[in-house]
Amino acid sequence: MSEAAHSTPQGEHPAKEHAHPGAGEYLRIAAILTVITAVEVAVFYIPAMAQWLVPTLLVLSAVKFVLVVMFYMHLKFDHPTFSWLFTLGLTIAAGIIISLMLLFDAFVRFHNMHPAG
Amino acid sequence: MATAAAAADHHYTTTGLNSRKMLFWTFLGSECMFFGSLISTYLVYKNHSTTGPYPHEVLNIPLTSISAFVLLMSSLTMVLALAGVQRDRIGQAKLWLAATAFLGMIFIGNQVYEFHHFVTSEGLTLQKNLFGASFFVLTGFHGAHVTVGVIWLLSLLIMAFSGKLSSKNSLDVEIAGLYWHFVDIVWIGIFTLIYLIQ
């Protein structure tokens, strides 16, 4: 992977960024995302998967999320500071979700509604 | 020369990072918190409804699966548009920008149909129960973000047709792309947490 760095008119040296991938890699990622989405929907309709529905769907959606962020949003190739900025917001968001669900016993009610899951 | 010209149009922070890009990633971080709050509100309230309709009675998985697929494909067309602009292939960029906006409009159309069906056929409104209130607020805000994205894409398309889009200002397309991919990843979360895990 080649690297590209620009020079500013003020003589500052912007941080180096890796070159973005080409159309072929974007298409491969799209194919993977499509397959994962199809698997998610299939898992939802297969009664035998009911026990594993929640963990399976959470893992699959996390994989889709990471693929889009890393390859389509180019965090894999951009400066790590952008990743940190985004991860900070994402971590706080996850903390908000988990805290509120714990505060309101949402996990307990969810477990009672889906005893096998 | 081309990179030097491109750099002349961009502003860099003392860290060496582009200030617009840094600002936008900070904004996306704050958007994570915004949608995190809405998603947690939905998850907390959805099983507190004392009257129907309930999620499993109304949510249409085939329709939203198509919407999820459409939005994922729009992310592909968006990166292809960016790749076109960065390589100064403006004709290619126009095509992919138009495709992205079109797919975004299909998504919004599906959502309008879903909302209309819920209100007219299922009797689910914002005031009906806690599920309705939290569902419409969450998915409605996401739909509003998609609508803003479509308007943004159409404005870039107008720029492209008026000859104002080139590799020199590819950052404009890159930032619009970041926003577009963000609404896509929010839908990845909504599709799983709201629709598939009922």
Return the residues of region B:36-71 that are under 30 Å from A:S99 (Cβ atoms) and either without any contact (Cβ under 8 Å) to a residue 60 or more places away in the chain or at the interface with chain A (Cβ under 8 Å from one of its Cβ atoms) (or both); say none if nothing qualifies.
B:G36, B:S37, B:I39, B:S40, B:T41, B:L43, B:V44, B:N47, B:I61, B:A68
Please count how many residues of region A:47-57 are within 19 Å of the chain's Cα centre (by Cα), at pLDDT below 95 and not β-branched (V, I, T).
2
Of all the residues that make up region A:57-80, how many are surrounded by fewer than 18 Cβ atoms within 10 Å (Cβ to Cβ) and either without any contact (Cβ under 8 Å) to a residue 24 or more places away in the chain or assigned to a loop (DSSP other than H, G, I, E, B) (or both)?
9
Pick from B:G143, B:G149, B:G123: which is over 21 Å from B:G177 (Cβ atoms) and in contact (Cβ under 8 Å) with a residue 12 or more places away in the chain?
B:G123
Could you say whether any residue in region B:162-180 is under 25 Å from A:T37 (Cβ atoms), more than 14 Å from chain A (Cβ to nearest Cβ), out of contact with any strand residue (DSSP E or B) (no Cβ under 6 Å at 6 or more places or on another chain) and in a helix (DSSP H, G or I)?
no
State which residue is farthest from B:K168 (Cα to Cα) when the search covers only region B:72-104 and only residues that are surrounded by fewer than 21 Cβ atoms within 10 Å (Cβ to Cβ) and in contact (Cβ under 8 Å) with a residue 24 or more places away in the chain.
B:M73
Looking at region B:150-198, which of its residues are of a type in the set (D, E, K, R) and either touching a Pro at 6+ places or on another chain (Cβ under 9 Å) or at pLDDT 95 or above (or both)?
B:D172, B:E174, B:D184
Just checking, which of B:D172, B:D184 is among the charged types (D, E, K, R) and within 22 Å of B:V112 (Cβ to Cβ)?
B:D184
Checking B:T120 against (1) within 14 Å of another protein chain (Cβ to nearest Cβ); (2) modelled with pLDDT of 95 or more, only one condition comes out false. Which one?
(1)
Within region A:19-51, the count of residues that are more than 28 Å from A:F77 (Cβ to Cβ) and of a type in the set (G, A, S) comes to 3
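The values are calculated or read from the model by the stated rules, or taken from the named source; none is laboratory data. The model shown is predicted, which means the values in this text are computed figures rather than measured ones. Quick reminder, even Gly has a Cβ in these numbers, built from the backbone with ideal geometry, and neighbours come from all protein chains shown.
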